[in-house]
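Chemist: Here it is: the structure, laid out below.
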Amino acid sequence: MLILLALIATAVYLLSCFIWPFRPCSRCGGAGRFLSPSGRSWRYCHRCKGRGAQLRTGRRILTYLGKARDRGTRH
């Protein structure tokens, strides 16, 4: 029963990663930039390159599996 629940939870997580592939950046919180300590200027976040979003881990797995399938079916 626990295995079935784990499989269902994994399927739901991967489906949500397919629908919503990005999450807010963990460093800047989705803003994409930081204020300087003086508060007069800002700079882009280096982790997300100023976009404010990062790919979720499940989406990285889905992309890897899709590319592996494509590599396996080429002639």
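Chemist: Among the residues of the stretch 47-59, write down those that are part of a loop (DSSP other than H, G, I, E, B) and touching a strand residue (DSSP E or B) at 6+ places or on another chain (Cβ under 8 Å).
Modeler: Within the stretch 47-59, R47, C48, G50, G52, R56 qualify.
Chemist: Another question, if that's okay. Of all the residues that make up the stretch 34-73, how many are without any contact (Cβ under 8 Å) to a residue 12 or more places away in the chain, open to solvent by less than 70 Å² (accessible area, probe 1.4 Å), under 30 Å from V12 (Cβ atoms) and of a type in the set (S, T, N, Q)?
Modeler: 1
Chemist: For the stretch 1-37, how many residues are touching a Phe, Trp or Tyr at 6+ places or on another chain (Cβ under 9 Å) and of a type in the set (S, T, Y)?
Modeler: Adding up the residues that qualify gives 1.
Chemist: Another question, if that's okay. Please work out which one of (1) outside any loop (DSSP other than H, G, I, E, B); (2) over 14 Å from the mean Cα position of the chain (by Cα) is the condition L62 fails and give its number.
Modeler: With (1) outside any loop (DSSP other than H, G, I, E, B); (2) over 14 Å from the mean Cα position of the chain (by Cα) applied to L62, the lone miss is (2).
Chemist: For the stretch 11-33, which positions are hydroxyl-bearing (S, T, Y) and loosely packed, with under 12 Cβ neighbours inside 10 Å?
Modeler: Of everything in the stretch 11-33, just one residue is hydroxyl-bearing (S, T, Y) and loosely packed, with under 12 Cβ neighbours inside 10 Å, namely S26.
The values are calculated or read from the model by the stated rules, or taken from the named source; none is laboratory data. No experiment lies behind these values; they were computed from the predicted model shown. A quick note on method: Cβ atoms are made from the backbone with ideal geometry, for glycine too, and the neighbour counts reach across all protein chains shown. Each accessible area value is taken on the protein alone, full model and side chains, heavy atoms only, with ligands, DNA and RNA left out. Shrake-Rupley method; radii C 1.70, N 1.55, O 1.52, S 1.80 Å.
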